[in-house]
1. For region 69-82, state whether one or more residues are touching a helix residue (DSSP H, G or I) at 6+ places or on another chain (Cβ under 6 Å), of a type outside the set (D, E, K, R) and farther than 17 Å from Ser185 by Cα.
2. Taking Thr163 as the residue in question, decide whether it is within 22 Å of Gly48 (Cα to Cα), among the β-branched types (Val, Ile, Thr) and surrounded by 15 or more Cβ atoms within 10 Å (Cβ to Cβ).
3. When you scan region 80-181 for strands (runs of 3 or more DSSP E) that lie fully inside it, which ones turn up with 2 or more residues that are aromatic (Phe, Trp, Tyr)?
4. Considering (1) of a type outside the set (D, E, K, R); (2) within 14 Å of the chain's Cα centre (by Cα); (3) over 22 Å from Leu190 (Cβ atoms), say which one Thr52 fails and leave the rest.
5. Looking at (1) in contact (Cβ under 8 Å) with a residue 24 or more places away in the chain; (2) over 18 Å from Ile150 (Cα atoms); (3) of a type outside the set (Phe, Trp, Tyr); (4) surrounded by fewer than 15 Cβ atoms within 10 Å (Cβ to Cβ), which one does Gly97 not meet, given that it meets all the others?
6. For region 103-131, enumerate the residues that are at pLDDT 95 or above and among the aliphatic types (A, V, I, L, M).
Amino acid sequence: MKLRSIAAVAVLVFATVAAHAQTGLYFNPVAIRVSNPTADTGPQAFLGQNSTSQVFYGYDFGGYYDFFHSGPLSVGFDVRESDLHANNAMLRSFLVGARVSAKPFTRPIKPYAQFSFGLGTTKAPTNTVHVSKFDYVLYGGIDYTLQKHIDFRVVEIGYGSVTTVSTATVGGGGTQYIPASTQISFSSGLVFRF
């Protein structure tokens, strides 16, 4: 009897939380500037030989789930995958993060911030070896409501870091230490809410 009562209360609590929950899906173009203070001079240089920066283009595909709402504030999580390319090199990432959004104005502007972490996979322009390392990004952005279920992502800016493939990590004879690369990303597009 007690088990049924506890299960009934759990279902009611979950139903109440789920009734206010909101899900959003997005597939947006993105540009990321990847830079490193140290140039890789070896043949497996991710950014190109003797180069310290490169702009990668591609897309972000993901979604968020806001499960807590209190006044204008919402809290949830975001899961995304990115696929970017430049100079025949590749950068892919799978990130999971905590997200906070707000509706501080009477107009349909919704700023948000999130901290995401996961796995970044890189491939140098000159070989097929892939290296996967820890990746993190701090995002901030603004969504603007166009219709009941569609937002325009006015801008999303990200700042993060990932250790990329290099001559030292692939074993191509390089002894030079290459630190983690800095990522600065810019994105815009549509978000479909449910």
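The values are calculated or read from the model by the stated rules, or taken from the named source; none is laboratory data. Keep in mind that what you see is a predicted model, and the values were worked out from it rather than measured. All Cβ positions, glycine included, derive from the backbone under ideal geometry; neighbour counts span all protein chains shown.
1. Checking region 69-82: at least one residue is touching a helix residue (DSSP H, G or I) at 6+ places or on another chain (Cβ under 6 Å), of a type outside the set (D, E, K, R) and farther than 17 Å from Ser185 by Cα.
2. Yes.
3. 109-123, 130-147, 150-162
4. Thr52 satisfies every listed condition except (2).
5. Of the numbered conditions (1) in contact (Cβ under 8 Å) with a residue 24 or more places away in the chain; (2) over 18 Å from Ile150 (Cα atoms); (3) of a type outside the set (Phe, Trp, Tyr); (4) surrounded by fewer than 15 Cβ atoms within 10 Å (Cβ to Cβ), the odd one out for Gly97 is (4).
6. The answer is Ala113, Leu119.
Quick grid of which residues meet (1) surrounded by 12 or more Cβ atoms within 10 Å (Cβ to Cβ); (2) at pLDDT below 95; (3) within 21 Å of Ser161 (Cα to Cα):
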| residue | (1), (2), (3) |
| --- | --- |
| Asn28 | yes, no, yes |
| Gln44 | yes, yes, yes |
| Gly48 | yes, yes, yes |
| His69 | yes, yes, no |
| Asn87 | yes, yes, yes |
| Met90 | yes, no, yes |
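Yes or no, residue by residue, for (1) of a type in the set (S, T, N, Q); (2) over 24 Å from Gly48 (Cβ atoms); (3) within 11 Å of the chain's Cα centre (by Cα):
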position	(1), (2), (3)
Asn87	yes, no, no
Val96	no, yes, yes
Tyr144	no, yes, no
Val155	no, yes, no
Pro179	no, no, no
Ser185	yes, no, yes
Ser188	yes, yes, no
